[in-house]
Every structure is written in structure tokens, then in C-alpha cells.
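Data block below; observations after.
The values are calculated or read from the model by the stated rules, or taken from the named source; none is laboratory data. Only a predicted model underlies this, so the values are computations on that prediction, with no experimental measurement involved. Here the Cβ positions follow ideal geometry from the backbone for every residue, glycine too, while neighbour counts run over all protein chains shown.
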Amino acid sequence: MNYEQAYALLKAHSQEHLLQYYDELSQEGKARLLAAIEALDWSFEEDLKNPVDLSGAGRDIRPIKGMDLAEIENRKAEFEAAGVQAIKAGKVAAVLLAGGMGTRLGVDGPKGAYDIGVTKPLYIFEQQMKNLMEVVEKVGVFVPLYIMTSDKNHEATTSFWKEHGYFGYPENLVKFFKQDMAPAVDYDGKIFLETKDMPAMSPNGNGGWFASMKKAGLVDDLNEKGVEWLNIYAVDNVLQRIADPVFVGATILAEVNCGAKCISKTNPYEKVGVMCLDGEKPDIIEYYELTEEMANQKDEDGNLAYRFGAIMNYLFRLSTLEEIVNKKIPVHIVEKKIERLCEDGVTRKPEKENGKKFEMLAVDLIKLMGSVLPYVVVREKEFAPIKNKTGVDSVESARELLKLNGVEL
Ligand code: UTP
């Protein structure tokens with residue numbers, strides 16, 4: 001794309017200001033800016049014009065059936081055998097969603113490269129791979145691993161894995177792909193410049209992971225390998241069980257399109273989103289959307305009817321993902337503090353929110369999948385999220401939970 005073409009395109013979208021420093025740029029800078037303009041995804045305009053109603057109004061919310069710890073324990077041998085068989089047959093792959101910015105943790109670089117060790121280094125990626133290796137050792141095969149990064153952390157992530165010898169995993173089974181980026185805009189819908197030669201872009205949320213994987217040609221790779229199930233998981237949880245055979249077996253035997261690891265709510269007012277049905281379709285309802293009555297509603301066994309809090313560890317059926325890949329996932333428009341080029345030519349992060357970002361969420365895929373098995377795990381054994389440095393869901397709380405599980409720090 002040359003300058004004239006870029007100008008015409010931007011004019012059509014009322015975003016010509018992106019070229020305001022063009023004449024000052026070096027040849028490389030000019031090429032970089034033109035390439036970024038050519039790659040812009042304009043779907044945000046429609047999202048701004050017609051935002052999806054995410055208020056939850058008008059839904060027909062009902063409790064969903066899930067599998068509690070007692071049933072899992074009773075049928076463990078049966079589930080485990082089915083899971084081991086599927087993993088051995090190469091039907092299960094893992095997908096790590098690591099394209100986020102980890103803003104709350106406040107570190108530069110990939111969140112998974114964060115060292116949570118006390119007496120020796122222990123990186124988040126490393127601990128998760130130790131968890132996966134337990135399955136590999138038990139089952140006797142390596143599970144193909146796909147890692148989603150973004151433009152913001154791709155180089156740093158791939159070189160970190162290389163430096164650490166892929167944490168003992170075969171290099172040819174670890175494949176990286178980049179997620180898509182979305183522009184960040186001010187309150188008038190104008191795209192910010194981050195630098196004179198770059199519009200402000202940010203990862204488009206974790207919901208577009210499958211579309212990005214497909215774009216990267218990796219769905220062909222999955223099909224060639226005979227993979228049928230994808231276990232997606234978040235980078236933050238250091239107690240994450242990956243390709244857990246019991247979970248895999250339970251999902252397959254339940255004949256659903258998706259399994260969702262959940263923690264069971266301990267009290268009616270716990271602040272977690274829970275799985276539910278909207279009519280016949282599985283969905284998630286946020287804690288603030290539950291009425292007093294729903295929060296306290298009990299099922300026939302006397303348990304909270306809305307108790308299944310999903311922890312971002314899902315097993316998706318690949319054939320269903322392929323069927324829904326072109327369906328629109330709702331875009332969440334979120335107000336954020338966006339780093340942008342100021343009038344004095346310096347790039348700064350504002351003190352207060354100054355604009356909007358566009359994000360899709362993995363959780364919104366659940367409805368499209370059509371059927372789901374909420375599968376309860378022991379919270380203390382499988383859920384140690386790291387969102388912050390201290391306090392709730394922090395490095396500190398995760399360290400305590402790791403110690404409880406016998407991990408030496
Ligand atoms: P979070 O929503 O906790 O976001 O992501 P985050 O970016 O890690 O942290 P904050 O909100 O900036 O503090 C949950 C999971 O989804 C991934 C993250 O890497 C994490 O594993 N994610 C998030 C993506 O892969 N892409 C995104 O665009 C956003």
C-alpha cells in the first residue's frame with residue numbers, strides 16, 4: 001500500500017490523522033506505518049455503532065446440570081481409562097492462551113516468564129509444564145502444545161521457551177501462533193497513535209483464539225495429527241492440570257461438545273461467574289446478574305443450583321469449533337488506560353481511562369458450542385490464579401497454594 005492508497009482508505013473511515021507525522025518518518029517508519037494501516041481490521045466501527053447487548057437482559061436463565069466431585073470420584077477409573085485412551089491415540093492437544101498483557105501483575109514481558117520462585121527460579125510457564133509432564137509420564141505420550149501470543153509478546157515468549165529448552169518438551173511439538181490485534185480508540189472512535197509510525201493496537205481478547213489458530217494454518221496441523229479435542233487453558237493458573245485424563249474421559253463419555261473445569265461456589269454471594277442455561281443453550285451468568293433468589297436457589301440434592309464457576313480450562317471438540325469458526329463472537333467494548341502519543345511527541349500511559357479497546361472472550365464460545373459439561377475440581381488442588389502481585393489471586397496466594405500441593409519454592 002502506498003501513501004495515496006493509505007490516505008484514501010483512512011479518509012473513507014475518517015482516520016486521516018494516523019498519517020499526520022508521515023513526512024517526518026524514515027523510510028522504515030513509513031513502510032511500517034503503511035503496513036499497519038493496510039492490516040487494520042475495521043470491524044470495530046460496526047461494534048461501536050451497534051454494540052452487542054451484553055447486559056444479559058431477555059435471557060431465559062436456568063440452572064445447568066454438572067458433575068460434582070462425588071460422581072467424578074465414583075467413576076474415576078472409567079473416566080481415566082477413556083481419557084488415557086484418547087490421549088494415547090493422539091486425539092488431545094493443549095492450547096495455552098498467553099496473548100494477554102498481564103497489566104494487573106504489572107510486569108514487562110510475558111506473564112508466563114514471571115518468576116514465582118523463592119529460593120530458586122520457578123517460572124509460571126515452567127510450573128505449568130511440570131504439571132503437563134505428569135500426564136505425559138503417566139500416559140506415555142507427549143500432547144501437542146500450541147501457544148497463543150500477541151504482537152506485544154511474541155518475540156519475548158518464543159525466545160524464553162527456546163532459552164529454557166522448551167521445559168523438556170520436544171521442540172517440534174510446541175507451536176506458537178499470534179492472536180489478532182484490534183485498534184484502540186478515543187471516545188470519538190478515533191484510533192490512537194502509539195508512536196508516530198504505529199497506531200495503538202492491543203490483543204483482541206482471548207475469544208478469537210481458534211480463528212487465529214486457523215489463520216496460522218494450525219488447524220490443518222491438528223487434522224493431520226488426528227487431534228479431536230483441544231484443551232485450552234490460561235497462563236495465570238499455576239495449578240493448572242493440562243490434558244487431565246479424568247476430565248478428558250468424563251467430557252468424551254458425556255457426549256458433549258465442551259467440558260469446562262469449574263470450582264464449586266462456597267457461598268451464594270461468591271463473586272464468580274457461573275455456568276447456566278439460556279433456554280437450551282449453555283451460557284455463563286455473572287455474579288452481579290444473579291438475583292437474590294437465584295443466588296440462593298438449591299437443586300434437588302440441596303446444593304446451590306448456580307454453583308459452577310468456570311476457571312478457564314476447557315476441552316473443546318475440534319469438529320464443533322470448525323463449524324462455528326465463522327460465527328460472530330460478541331465484542332466487549334472496554335474502557336482502558338491506553339498508551340498513546342501525546343502532543344509533545346512522547347508516548348505515555350494516562351492516569352485515567354482515556355478510550356476503548358475491543359475484546360472477545362473465550363467464555364462467549366460456550367454458547368456457540370451448544371453443549372457443555374461443568375466438571376468440578378478441588379479448588380485447592382487446581383486453582384491458583386495469578387492476577388496481581390499481592391492480595392487476592394496473587395503471586396503470594398499462588399505460592400501458598402503451591403506449597404500446600406507439595407511444590408518446593
Ligand atoms: P486475563 O483476562 O486475566 O488478562 O487473561 P491478562 O492480559 O492476562 O491480564 P490483565 O487483565 O491485563 O491484568 C486470561 C487469560 O487469557 C489470555 C491471558 O494471557 C490469560 O492466559 N489472554 C487475554 C489472551 O491470550 N489474549 C488476550 O487478548 C487477553
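Being in contact with a strand residue (DSSP E or B) (Cβ under 9 Å, 6 or more places away or on another chain), part of a loop (DSSP other than H, G, I, E, B) and buried (at least 23 other Cβ atoms within 10 Å of the Cβ) is a property that does not hold for residue 83.
Here is a yes/no grid of residues against (1) aliphatic (A, V, I, L, M); (2) touching a residue at least 60 places away in the same chain (Cβ under 8 Å); (3) crowded, with 16+ Cβ neighbours inside 10 Å:
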| residue | (1), (2), (3) |
| --- | --- |
| 246 | yes, yes, yes |
| 258 | no, yes, yes |
| 262 | no, yes, yes |
| 279 | no, yes, no |
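When we screen 295, 362, 398 for residues that are more than 20 Å from the chain's Cα centre (by Cα) and of a type in the set (A, V, I, L, M), the only hit is 295. Whether any residue in segment 335-353 is closer than 20 Å to residue 207 by Cα, charged (D, E, K, R) and part of a helix (DSSP H, G or I) is what I want to check. The answer is no, given that none of the residues of segment 335-353 is closer than 20 Å to residue 207 by Cα, charged (D, E, K, R) and part of a helix (DSSP H, G or I). Among the residues of segment 302-319, those identified as assigned to a strand (DSSP E or B), surrounded by fewer than 24 Cβ atoms within 10 Å (Cβ to Cβ) and away from the ligand (no atom under 16 Å from the Cβ) are 304, 317.
Conditions tested, residue by residue: (1) β-branched (Val, Ile, Thr); (2) away from the ligand (no atom under 15 Å from the Cβ).
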| residue | (1), (2) |
| --- | --- |
| 277 | no, yes |
| 285 | yes, yes |
| 295 | no, yes |
| 300 | no, yes |
| 336 | no, no |
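Any residue that is crowded, with 18+ Cβ neighbours inside 10 Å, in contact with a Cys (Cβ under 7 Å, 6 or more places away or on another chain) and in a strand (DSSP E or B) - is there at least one of those in segment 375-391? Checked against the condition, which is being crowded, with 18+ Cβ neighbours inside 10 Å, in contact with a Cys (Cβ under 7 Å, 6 or more places away or on another chain) and in a strand (DSSP E or B), segment 375-391 yields at least one hit.
Within segment 105-136, restricting attention to residues that are over 24 Å from residue 244 (Cα atoms) and among the small types (Gly, Ala, Ser), the residue that is nearest to the ligand (Cβ to nearest atom) is 106.
Hey, can you tell me all the residues within segment 92-141 that are over 23 Å from residue 403 (Cα atoms), in contact with a helix residue (DSSP H, G or I) (Cβ under 9 Å, 6 or more places away or on another chain) and surrounded by fewer than 18 Cβ atoms within 10 Å (Cβ to Cβ)? Of everything in segment 92-141, those that are over 23 Å from residue 403 (Cα atoms), in contact with a helix residue (DSSP H, G or I) (Cβ under 9 Å, 6 or more places away or on another chain) and surrounded by fewer than 18 Cβ atoms within 10 Å (Cβ to Cβ) turn out to be 101, 107, 108, 109, 140, 141.
Within segment 79-104, being near the ligand (Cβ under 8 Å from one of its atoms) and hydrophobic (A, V, I, L, M, F, W, C) holds for 96, 97, 98, 101. Here segment 137-154 is the region considered, the condition is being aliphatic (A, V, I, L, M) and within 17 Å of the chain's Cα centre (by Cα), and the residue that is farthest from the ligand (Cβ to nearest atom) is 145.
Name the residues in segment 152-180 that are at pLDDT below 95 and either of a type in the set (Lys, Arg) or assigned to a strand (DSSP E or B) (or both), would you? Passing the criteria: only 152. Looking for whichever is more than 27 Å from residue 180 (Cβ to Cβ) and without any contact (Cβ under 8 Å) to a residue 12 or more places away in the chain here; the options are 23, 68, 60, 53. Which one fits? That would be 23, the only listed residue that is more than 27 Å from residue 180 (Cβ to Cβ) and without any contact (Cβ under 8 Å) to a residue 12 or more places away in the chain. Among the residues making up segment 97-117, a single one is in a loop (DSSP other than H, G, I, E, B) and among the basic types (Lys, Arg): 104. Taken across segment 357-368, residues that are touching a helix residue (DSSP H, G or I) at 6+ places or on another chain (Cβ under 6 Å) and crowded, with 18+ Cβ neighbours inside 10 Å do occur, with at least one present.
Residues in segment 187-232 that are within 16 Å of the ligand (Cβ to nearest atom) and aromatic (Phe, Trp, Tyr) were compared, and the one that is farthest from the chain's Cα centre (by Cα) is 210.
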